[in-house]
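Okay, so here's the structure we're looking at.
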Amino acid sequence: MEHLPVEVVGNILSRLGAARDVVISSVTCRKWREAFRRHLHSLSFNSNDWPVYRDLTTSRLEILITQTIFQTIGLQGLTILMDDVDEFSASTVMAWLMYTRESLHKLNYNVRTIPSLNILDICGRQRLETLVLAHNTITGVDPNYQRFACLTSLSLSYVSISALDLNLLLAACPRIEDLDLINPEIAMSDAQVTVELSSSTLKSMYVEAISLDKFVLEADSLENLHLRDCALELFELVGKGNLKSFKIDDVSVIHLDIGENAENLEVVEVSNFTIIWPKFHQMISRSSKLRVLRLWDVVFDDEDEIVDLETIAVCFPKLSHLSLCYDLRDGAVHYSTLQGSYSLENVVLLEVGWTVINNLFSEWVEGLLQGCPNLQKLIVHGTVSDAKTHEDCRMLATFTSSIVRLMRKYIHVEVQFEYE
């Protein structure tokens with residue numbers, strides 16, 4: 001270790017991340033202390049990493065963080081996450097940010113201060129590439145003054161911001177590629193909660209726990225879109241057909257429109273979602289490059305709707321990963337495996353699951369296996385309740401025996417069971 005260059009020691013300390021571990025390691029010898037002062041790249045103060053943070057008084061904690069940061073030179077990554085910690089002095093926190101901002105490439109910030117700080121004013125016009133903000137308020141965004149010329153990744157969690165300021169913030173990031181919006185508090189001036197965002201460089205967007213009347217996203221370069229736990233009356237995506245991955249999980253939406261963005265889709269995952277299958281299928285039917293299709297815990301608007309797997313085989317010839325959750329309602333299986341003939345020749349991974357297990361499940365799985373001649377792996381997901389009746393146990397035993405008999409016919413297929 002004594003022959004390691006001081007720069008390498010700095011890289012080692014940077015990979016430790018947690019400030020407490022870095023400080024303890026730096027006292028090893030003179031070289032490690034020098035590496036800490038001159039060659040440390042990243043530092044993290046996280047109240048979840050060390051419970052003692054919560055036991056210290058705010059003033060003592062401020063002193064501890066200040067002493068640690070001011071011993072370093074040229075920090076590129078700084079994480080300050082202080083959950084369940086009282087408010088810090090705004091002047092102290094500003095000193096941390098002012099000291100490090102010229103060299104920072106990544107800032108992960110969740111600090112409550114009195115009075116509140118405007119992070120955009122402090123960190124704008126610098127070299128910041130990644131900004132992760134939580135539990136903060138953003139107001140009065142000025143794209144000309146608060147400009148983030150190098151920022152490519154932005155994450156806002158539990159942040160209060162108006163719809164106008166959110167769009168202006170995107171405009172202030174001319175190179176942004178990744179945007180995460182997690183449970184934002186959207187301040188609106190009128191009764192209708194409407195958000196309209198526009199970015200020509202955005203490639204990936206994740207939206208969670210948001211409730212809006214209207215959400216319009218104009219993003220010509222968007223490739224990945226994931227909506228989770230959202231309530232929307234209207235969601236509209238305007239782009240130039242670059243979307244490759246579209247995921248919906250536990251979303252309530254009355255009108256969903258992705259326009260002409262389905263042609264290059266490779267991944268479509270729909271979970272916990274009420275679906276009008278003919279309309280949804282029409283929306284993605286031109287996705288001839290589709291490789292992954294997941295329909296899990298999907299509620300069909302019309303109980304008589306049948307997902308025709310023969311049509312899926314024709315529309316998605318490159319499909320290699322198929323996930324379907326078996327749902328029996330009033331005796332009708334929504335995924336037809338017995339009607340017509342189909343061959344999903346490129347499907348090598350098949351995932352199946354059930355909401356309510358019964359004697360028909362193994363027959364349904366067998367129908368799927370017959371339609372996937374080149375299958376390599378089968379994953380069976382199931383739910384087993386804590387309170388099991390004798391009938392539940394008998395049904396599970398019957399199912400297990402059926403699957404064992406079935407897999408003797410498909411010995412080339414690897415089988416995996418996942419129960420919860």
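Things worth noting here:
- Two-site FRET efficiency, Y410 against E196, from Cβ-Cβ distance with R₀ of 60 Å, rounded to 0.05: 0.75
- Under Stokes-Einstein, with the Kirkwood radius over Cα pairs as Rh, the value for the range 33-191 at 25 °C and 0.890 mPa s is 151 µm²/s.
- Helical mean residue ellipticity (222 nm; -39500 (n - 2.57) per DSSP H run of 4+; nearest 500) of the chain: -8000 deg cm²/dmol
- Sequence-distant lysines (8 or more away, or on other chains) whose Cα lies within less than 18 Å of K279: K247
- The range 35-174 - percent relative contact order, Cα under 8 Å, separation 6 or more: 19
- Restriction of the chymotrypsin sites (Phe, Trp or Tyr not before Pro) in the range 140-174 to DSSP coil positions whose beta-carbon has at most 15 other beta-carbons within 10 angstrom yields Y145, Y158.
- Cβ-Cβ FRET estimate between Q67 and V8, R0 fixed at 25 Å, reported to 0.05: 0.50
- Counted charge near K409, where neighbours are those whose Cβ lies closer than 15 Å (Asp, Glu -1; Lys, Arg +1): -1
- Of the complete DSSP H runs in the chain, those spanning 20 angstrom or more by Cα along the long axis with a mean Kyte-Doolittle score not below -1.0 are 390-409.
- Within the range 1-74, the GluC sites (Glu not before Pro) that combine a DSSP coil assignment with at most 14 other C-beta atoms in a 10 angstrom radius are E2.
- Distant alpha-carbon pairs in the chain (separation over 39 angstrom), percent: 39
- Put a dot 7 Å past the Cα of D49, heading toward its Cβ, do the same for E420, and the two dots end up 3.0 nm apart.
- In percent, rounded to a whole number, the relative contact order of the chain is 6, using alpha-carbon pairs under 8 Å and six or more apart.
- The modelled label-to-label distance between C393 and V348, using points 7 Å beyond Cα along the C-beta direction, is 4.2 nm.
- Segment T311-N183, extension gain: residue separation times 0.36 nm, minus the distance between their alpha carbons: 42.3 nm
- Protein heavy-atom surface of the chain, 1.4 angstrom probe: 48% of the accessible area is carbon and sulfur, with nucleic acids and ligands not counted.
- Spacing of the modelled spin labels on Y145 and V85, each 7 Å from Cα toward Cβ, amounts to 2.9 nm.
- 23 Å tail of the calculated P(r), the range 80-167, as % of Cα pairs: 16
- In this structure the chain gives 48 Å² per residue of accessible area when probed at 1.4 Å with all protein chains present.
- Reach of K377 by Cα under 19 Å, taken over lysines that are not fewer than 8 positions away in the same chain: K318, K409
- Within the assembled protein chains, the solvent-accessible surface assigned to D49 is about 90 Å², based on a 1.4 Å probe.
- Euclidean distance of C-alpha centroids, the range 78-156 and the range 41-77, integer Å: 16
- Förster radius 30 Å - calculated FRET efficiency between T113 and L164 (Cβ-Cβ, nearest 0.05): 0.80
The values are calculated or read from the model by the stated rules, or taken from the named source; none is laboratory data. All values derive from a computational prediction rather than experimental measurement. All Cβ positions, even for glycine, are placed from backbone atoms using ideal geometry, and neighbour counts span all protein chains on display. Remember, those area values only see protein heavy atoms, side chains included, never the ligands or the DNA or RNA. Shrake-Rupley method; radii C 1.70, N 1.55, O 1.52, S 1.80 Å.
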